[in-house]
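Trainee: Please find one structure pasted underneath; my questions will follow.
The values are calculated or read from the model by the stated rules, or taken from the named source; none is laboratory data. Everything numeric here is computed off the predicted structure, so don't read it as measured data. Here Cβ is always computed from backbone atoms with ideal geometry, including for glycine, and neighbour counts include all displayed protein chains. Side chains included, ligands, DNA and RNA excluded: accessible areas come from the protein's heavy atoms. Shrake-Rupley method; radii C 1.70, N 1.55, O 1.52, S 1.80 Å.
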Amino acid sequence: MKKALIITTISGFVPQFEMNNVSLLQEMGYEVHYASNFNRPVYDFDKELFQQWGIITHPLFIEKSPVHVIKNCRALRQLKNLLEKERFDLVHCHNPMGGVLGRLAGSLFSPESVILYTAHGFHFYKKAPWRNWLLFYPAERALARLTDILITINEEDYERACRFRLRNKAAAKGSVWKIPGVGLDVSRFQPAEGIRQERKRELGFPSDCFLLLSVGELNRNKNHRAVIRALSRMEQRDVCYGICGRGNRKKALETLIAKEGLQDRVKLLGYRKDIERVLPAADCFLFPSRREGFGMAAVEAMAAGLALITSDCRGTREYMKDGVTGIVCRKNRPESYAEAVQRLRGAPEKRREMGCASRERALLFSRTATESVMRRVYEAASRQCERVRKRETAPIHREPDTAKKAKA
């Protein structure tokens with residue numbers, strides 16, 4: 001049976017974003033294995049669900065940050081043992097460190113495997129800090145030479161990846177692909193129809209407030225603090241803010257909320273499995289990230305028929321149309337978000353128009369659209385696997401001794 005290995009840094013990444021790919025691989029006859037750090041569940045991790053899905057799991061002591069050199073070296077040794085034992089046909093890497101260790105291990109210890117890497121947003125991009133370009137650009141360019149298929153999720157990354165030199169295998173050059181996100185289940189999200197007030201009360205907010213909602217990990221990059229500071233500057237006291245997610249900035253955000261005196265208006269709602277039930281409570285969705293490769297949470301909000309207020313970055317440019325699906329804040333600052341909130345708060349009809357446009361545009365990033373591309377990606381990888389197997393099993397032609405003597 002053909003075998004495929006998926007490598008990620010955080011354990012819940014596959015059930016959160018990659019189950020469509022797992023289904024495709026299984027449909028194509030692959031036994032799917034999953035290696036990750038199951039002690040770092042940024043998203044929910046349930047081992048029993050993996051067993052139900054038929055995914056074989058392998059604990060990996062990989063760390064998200066490259067400064068954890070000892071642990072990541074240990075993870076590299078673990079991958080070496082796993083690759084040499086299982087002899088995978090296909091290795092699909094995700095997340096920066098998953099991409100680094102997966103591609104290094106694959107090229108060193110399983111050179112016959114086809115190596116895929118999905119870049120969920122390069123750390124180098126237009127207007128990125130110079131240190132990002134110094135550190136990450138040379139690394140990604142070098143690792144591309146160990147990659148057979150490189151997959152991107154936004155246009156800027158795709159154009160840059162096309163200039164990388166990928167690995168050659170079985171007389172076939174590596175290829176670069178672009179997918180429309182990780183595949184949105186559009187049917188899961190529906191616009192609110194007369195239930196907004198009820199859902200607000202369920203979340204602990206007044207039913208008549210103007211509710212802003214954000215979904216994302218509580219970290220510096222998601223930039224929730226910009227919206228909190230925006231609320232503190234607004235005169236309107238009926239504007240509330242809910243943040244769904246968990247992460248290492250929780251205490252810092254709680255401190256900021258208390259400092260600004262917003263405990264009654266801003267709530268950290270934790271990690272939610274029922275985000276399709278939470279979104280209809282919102283009057284508007286906020287997505288203030290400093291950097292995004294794509295930003296699936298925002299597209300889910302669009303599918304729920306919400307007007308958006310977003311930052312201006314690579315990911316949001318894939319789906320946001322300023323003035324049509326919402327407002328793009330060119331300056332990622334509190335005053336920009338305060339102004340945008342005030343504009344939409346006072347324009348309910350405009351919000352409805354934007355919500356309809358958002359819902360329509362979300363269809364472009366549906367599961368069907370992404371599956372169509374990923375099926376072709378995996379088919380290309382499978383053809384490459386077949387060529388490698390044929391090359392390895394082909395008999396070696398040797399001239400008979402008599403022929404050698406005749407030549408002599």
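Trainee: For a label point 7 Å from the Cα of SER207 along Cα→C-beta, name the residues of region 273-316 whose backbone N is under 19 Å from it.
Mentor: Correct set: 278-284.
Trainee: On to the next question. Do any trypsin sites (Lys or Arg not before Pro) in region 266-295 lie in a loop, going by DSSP, with at most 11 other beta-carbon atoms within 10 Å of their beta carbon, and if so which?
Mentor: Working: sites: LYS267, ARG272, LYS273, ARG277, ARG290, ARG291; in loops: ARG272, LYS273, ARG290, ARG291.
When the trypsin sites (Lys or Arg not before Pro) of region 266-295 are filtered for loop state and at most 11 Cβ neighbours within 10 Å, LYS273 remain.
Trainee: May I pose another question? When the helix-only estimate is applied to the chain (DSSP H runs of n ≥ 4, each -39,500 (n - 2.57), divided by the residue count), what is the mean residue ellipticity at 222 nm, nearest 500 deg cm²/dmol?
Mentor: On the way: 16 runs with 174 residues, N = 408.
The helix-only estimate for the chain comes to -13000 deg cm²/dmol at 222 nm.
Trainee: A further question on this structure: At 1.4 Å probe size, what's the solvent-accessible area of MET354? Round to the nearest 10 Å².
Mentor: 10
Trainee: Determine by what factor the alpha-carbon radius of gyration of region 256-375 differs from 2.2 N^0.38 Å, reporting the quotient.
Mentor: Cα-based Rg divided by the globular estimate yields 1.10.
Trainee: Compute, for the chain, the length of the dipole vector about the Cα centre, with Cβ point charges of +1 (Lys, Arg) and -1 (Asp, Glu) only. Units Debye, rounded to 20.
Mentor: Details: 72 positive and 47 negative charges, 324 e Å.
So the dipole magnitude of the chain works out to roughly 1560 debye.
Trainee: Kirkwood Rh over alpha-carbon pairs of the chain, then Stokes-Einstein at 37 °C and 0.692 mPa s: what D in µm² s⁻¹, rounded to an integer? Don't skip to the answer; put the middle values down first.
Mentor: On the way: Rh = 22.9 Å.
The Stokes-Einstein estimate is 144 µm²/s.
Trainee: Using 0.36 nm per residue, how much length does the chain from ARG77 to ASN168 gain when fully extended, once their Cα-Cα distance is taken away?
Mentor: On the way: separation 91, 0.36 × 91 = 32.76 nm, distance 2.52 nm.
Contour length minus Cα-Cα distance gives 30.2 nm.
Trainee: So how tilted is helix 69-86 from the main axis of the chain? Cα-based, degrees 0 to 90, rounded to 10.
Mentor: Approximately 50 degrees, to the nearest ten.
Trainee: Could you state the number of Å between the C-alpha centres of region 145-170 and region 324-356?
Mentor: 36
Trainee: If you roll a 1.4 Å probe over the heavy atoms of the protein chains, what accessible area per residue do you get for region 106-263, in Å²?
Mentor: Values: 7550 Å² over 158 residues.
Dividing the accessible area of region 106-263 by its residue count gives 48 Å².
Trainee: Once Rh is set to the Kirkwood radius over Cα pairs, what Stokes-Einstein translational diffusion coefficient, in µm²/s, holds for region 259-313 at a temperature of 37 °C and a viscosity of 0.692 mPa s? Intermediate results must be reported in sequence, preceding the final value.
Mentor: On the way: Rh = 12.7 Å.
Translational diffusion coefficient: 258 µm²/s.
Trainee: Just grab the label-to-label distance for LEU49 and GLU27, each label 7 Å out from Cα along the Cβ direction, in nm (one decimal).
Mentor: About 2.0 nm separates the two model spin labels.
Trainee: Report, in listed order, any pair from LYS2/LYS80; LYS64/LYS259; LYS250/LYS350; LYS47/LYS178; LYS222/LYS251 with a Cα-Cα distance greater than 25 Å.
Mentor: In this structure, LYS64/LYS259; LYS250/LYS350; LYS47/LYS178 exceed 25 Å between Cα atoms.
Trainee: Roll a 1.4 angstrom probe over the protein heavy atoms and tell me the percent of accessible area of the chain that is carbon or sulfur.
Mentor: Summing carbon and sulfur atoms, their accessible area is 50 percent of the total for the chain.
Trainee: Taking the Cα of GLU159, stepping 7 Å toward and past its beta carbon, and measuring to each backbone N in region 297-331: which are under 14 Å?
Mentor: Residues passing the 14 Å test: 314-315, 317-318.
Trainee: Quick check: the distance between the Cα centres of region 361-384 and region 172-210, to the nearest angstrom?
Mentor: Computed from Cα coordinates, the inter-centre distance equals 21 Å.
Trainee: Related question: I need two numbers for region 1-126: Rg to one decimal and Dmax as a whole number, Cα atoms only, in Å.
Mentor: Values for region 1-126 (Cα only, Rg and Dmax): 13.6, 44 Å.
Trainee: With the contact rule set at Cα under 8 Å and sequence spacing of 6 or more, what percent relative contact order holds for the chain?
Mentor: Contact order relative to length: 14 percent.
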